Amino acid sequence: MELALSTDAVPDRDRLDRWRAALGVALVPMAVTPRGAGPLSGRITGGRLGHLRVCSLAADAQRMSGTAAHHPARDEAAVAVLVLTAGTATLLQDGRHAVAGAGDLLVYDTARPYTLDFPERFACHLLHLPRRGLDVSDRELRGIMVATVAATDGIGAVLGPFLARLLGSAHSYGPAVGARLAATVMDLFATLVAERSPSGGAGTGRGELVLRIRDHIDRHLEDPGLAPETVAAAHHISVRYLHRLFEDEGITVARLIQRRRLQECARELARGGRAAPAVAAVAHRWGFVNPAHFSRVFRGMYGHTPSEWRRLGAPGTPARGSRDDRSPSRAA
């Protein structure tokens, strides 16, 4: 990790200000109120795991609070996952609260007011998952927000220890491994959300239709003609009703199609290898007909061009895709 601060080397009168500043750099700005009478003592390390912000804390009792005023406009919406390794914590958000002990997970929205209360000395790992990269609906996320995920509970029994060990050694991973591990974390979290989500209407006609539509999209990603109009026609519904079905999914149909295509391209590009196809060929296989448009939206989602992503996934692979990223083509 890049950022490290131990208050042991900071004068007592400056500790709280330095601690707040370090938290703001590692994660997002927030208010901090010590729970003890003496000067705050703690250690923080923070940095990146692929495209995820990560942070590890060990500190005295304190209360951390975030509001809309603390959330810079430049920062994208993120879902925060806290893995508590020592002590206890209480999370408050949207009128709800959840209490966690060592080994448990807490999940909250960084863009909405929240409070994390640590009544005793504690240690934890925190990571921020970009909301736009999570292939889950807002409705599904609501099922896990401000709820304790026990270390012995289903996927939580896998995700908690995995994240604790992963983030505890995040500094040791290079860019290529970090990018792959970040993608794995996103997938595991989406699995956790799906496990804890209520049926979400899956037993109803509406819920079953949404599942069929998602399956249809996955099976036809390679068709460049896949669009809301063709999806609606295949299911004998109007485009207007299709959009209504996805109002609670937290994503439009067009955006879902693009996101799924980008995910498949990212997986294929990360494999690399000597016989790896050109970037333009990968884009075309997954339904993108305009390489320039593909490169632009890929970078918007992953923070790297397709060629850069390929080099991160396979450092020894020649950068033959860089020219393809810029090659002109007909409009999508």
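In a simple Cβ point-charge model (Lys, Arg +1; Asp, Glu -1; nothing else charged), the chain has a dipole of about 900 debye relative to its Cα centre. Give the longest segment of the chain that steers clear of trypsin sites (Lys or Arg not before Pro) in DSSP loops with at most 12 neighbouring Cβ atoms within 10 Å, not counting the sites themselves. So the longest stretch without any such site is 75-273. With R₀ fixed at 41 Å, the C-beta to C-beta distance from ALA21 to ASP138 puts the FRET efficiency at about 0.80. Counting only GluC sites (Glu not before Pro) that DSSP places in a loop and that have at most 16 other Cβ atoms within 10 Å, the longest clean stretch of the chain runs over 121-221. Within the chain, helices built from complete DSSP H runs that reach 18 Å or longer along their own axis (Cα positions) and carry a mean Kyte-Doolittle hydropathy of 0.0 or higher are 175-196. Answer with one residue from LEU262, ALA194, VAL149: the one whose Cα lies farthest towards the positive end of the charge dipole of the chain, charges on Cβ with Lys, Arg +1 and Asp, Glu -1. It is LEU262, whose Cα lies furthest towards the positive end. The residues LEU256, LEU57, when put in order of fewest to most other Cβ atoms within 10 Å, stand as LEU256, LEU57.
Entry note, the chain: relative contact order of 13 percent, from Cα contacts under 8 Å with a spacing of 6+ residues. In the stretch 3-196, taking the dipole from charged Cβ atoms about the Cα centre, the farthest positive-side position among ALA59, LEU159, PRO11 is held by PRO11. Charge tally around GLU140: other residues with Cβ under 13 Å, Lys/Arg +1 each, Asp/Glu -1 each, net 0.
Over all other residues within a Cβ to Cβ distance under 14 Å of LEU209, the charged ones net out to -1, with Lys and Arg as +1 and Asp and Glu as -1. Here the dipole of the stretch 3-196 is about 280 debye; that uses its Cα centre as origin and unit charges on the Cβ of Lys and Arg (positive) and Asp and Glu (negative). Computed on the stretch 3-196, with alpha-carbon pairs under 8 angstrom and 6+ residues apart, the relative contact order is 21 percent. Please give the FRET efficiency for ARG212 paired with ALA9, using the beta carbon to beta carbon distance and R0 = 45 Å, rounded to the nearest 0.05. Approximately 0.15, to the nearest 0.05. Note on Cα Rg over 2.2 N^0.38 Å: of the candidates (1) 1.09; (2) 1.01; (3) 0.92, the value calculated from this structure sits at (1). Cβ-Cβ distance of ASP153 and GLU222, R₀ of 41 Å, FRET efficiency by 1/(1 + (r/R0)^6): the value works out to about 0.60. For the stretch 46-169, just say rounded, prolate or oblate: build the C-alpha gyration tensor, square-root its eigenvalues into a ≥ b ≥ c, call rounded for a/c under 1.5, and beyond that prolate if a/b exceeds b/c, oblate if not. Rounded, because the longest to shortest axis ratio a/c is under 1.5.
Taken together, the values in this text are just the output of simple stated rules run on the coordinates, not laboratory data. Because the structure is a prediction, the values reported are computed rather than measured. Quick reminder, even Gly has a Cβ in these numbers, built from the backbone with ideal geometry, and neighbours come from all protein chains shown.
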